[in-house]
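Single-structure report; data block below.
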Amino acid sequence: MKLAAAFACAAMTFIGPVAFAQQFRIGVIDFYGLQKLSAEELRPHLTIAEGDPISLDDENWGAPFAQTQQQLSRVAGVFRAHVNGFVCCTDGKAEVFIGIEERGAHRWHFRKPPRGTVRLPQEIVASGAEFTDASTVAMARGDFDEDRSAGHSLAHAPEVRRVQLQFVEHARRHLDKLREVLRQDADADERALAAQVIAYTSDKQVVVADLVRAIRDPYEHVRNNAMRALAVFTEKESSDGAPAIEVPFEPFVALLGSPIWTDRNKSLFALESLSVKRNPKLLRLLRREALAPLSEMARWKAPGRTLPPLKILGRMAGYSEEEIASAIEQGRQEELIAAATRVRWQPPVPESRS
C-alpha cells in the first residue's frame, strides 16, 4: 500500500517519487546534530548545492541526495548521515536538511518492529490510497490550508477533506482494530496509516497513550503521523466544559535531538504549542535536555524553520510573546538564544499539594 503521510503542512517532505511533474531549485541546505564537526567542514563533501535544480520528472532525481548521504557517512568523525530528500517550499525553493550522527555521540534506538499479522480493514487501506492521491493533486496546486479546530486536520482542498471525513467514520467503527494495528502490525505503512486515522476518533484523550507509544516506533513515518496527531491535539481548546486534551511533553523533548528531520520537525510543532502556557516543568526540562538542539535549529538559514525554536527559547528566557515577536522581526535571534542560555528568568516551582 502507499503511505498516507500526514497532510496539511505548508512544507511537505518528499521522500520518494511523486505523481506530478514539478521543478524546484534548492534554496537552503542546513545541518543539524553537529557538536564537534562544523557545517564548513562538511559542505565540501556534498554532491548537491544551493541553487541546484530538482526535476521530479526525472526518475533519478533522488540520486544526488543519496550520493551526498553516502559521501558524508565516509567523513572522519561521522557515524551516519541522514539527508531528508527535500522539503517544499519557501518562496518556491526547496530546503534540504542534513542530520549528522557523530562518532561517540548518543546513539538513537527505537522499539523493535512488531511481527504481528493483524491488518487494517480494506476500506481503511482504500481510503489511505485515496488520501495519498488526493493530497498529491492538492499539493500540485499549492492548496495546503487546513482547519484544526476539531482536534484533527480537515483540509481546505475538497478532495482531501472528503477522505478525511471518511477517517472520522473509520475511527468510530474500527477504533479497537486501529489500536491493534498500531501496536502489532508488521506492515510499517499500515501502522503509519493507523496512526493517522486513529486521531479522528471523537474522544481524543482515549488514544493519547496509543499515539505516545507510537512515538517510539522504528519507522519514522509512524512516528511522524503520531506526533503530528498529538501536536494537533494540543491546539484544540476546551469547549462546553470539556477538559483540554492532556498530552505529555517529555517524548517530544527527547526527540528534539533526533538525527531524523521529521522527528525534530514534529517535536517542534508540538512543543511550540505546549510551551505557550510556560509550564515550569517543561521549561526546566527543555533547558536541561534541549538547549543545544534548539539553539542549533534557531540558527538555520531557512527563516520559516527558525520560528518555532526561537519562540520556545524566548519562553525559556522569560520573554513575553510580544518581546519574542519583536526580537524575531528585528533579527535579534542571537539575543533570544543567549537569553535562554543565561537563564535570565527562572520559573517558580509550584507548591506541592498534599
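Rounded to the nearest Hz, the phi-derived 3J(HN,Hα) couplings of segment 172-185 under the Karplus curve 6.51 cos²θ - 1.76 cosθ + 1.60 (θ = phi - 60°) are 5, 8, 10, 4, 4, 5, 4, 4, 5, 4, 4, 8, 10, 5, where x marks glycine and proline. Relative protection proxy for 165-172, 328-335, from highest mean packing down: 165-172, 328-335 (other beta-carbon atoms within 10 angstrom). For F31, the residues whose modelled amide H falls within less than 5 Å of its own, excluding neighbours fewer than 5 places apart on the same chain, are I98.
GNM remark for the chain: springs join alpha carbons under 10 Å apart, and the peak mean-square fluctuation among L46, L256, L268 falls on L46. When the charge dipole of segment 275-342 is built from unit charges on Cβ atoms (+1 for Lys and Arg, -1 for Asp and Glu) and taken about the Cα centre, the candidate among L286, P309, G331 whose Cα reaches farthest toward its positive end is L286. Greater than 26 Å separation of Cα atoms is the criterion. Which listed pairs, K281/K311; K112/K266; K93/K277; K112/K311; K112/K177; K204/K301, meet it? K93/K277; K112/K311; K204/K301, as the Cα separations exceed 26 Å there.
For the chain, a Gaussian network of Cα nodes joined below 10 Å ranks Y32, Y200, Y219 by mean-square fluctuation, and the top entry is Y219. Our estimate of slack between E41 and A150, defined as 0.36 nm per intervening residue step minus the Cα-Cα distance, is 34.6 nm. Need one number: % antiparallel among DSSP beta bridges in the chain, to the nearest 5. Restricted to the chain, the bridges split so that about 65 percent are antiparallel. Normalised Debye scattering of the chain at q = 0.10 Å⁻¹ gives log10 I(q)/I(0) of -0.64, counting only Cα atoms as equal scatterers and leaving out solvent.
Each reported figure results from applying straightforward, stated rules to the coordinates on display, with no laboratory input. Please read all numbers here as calculations on a predicted model, not as lab measurements. Please note: Cβ atoms are built from the backbone with ideal geometry, for glycine as well, and neighbour counts cover all protein chains shown.
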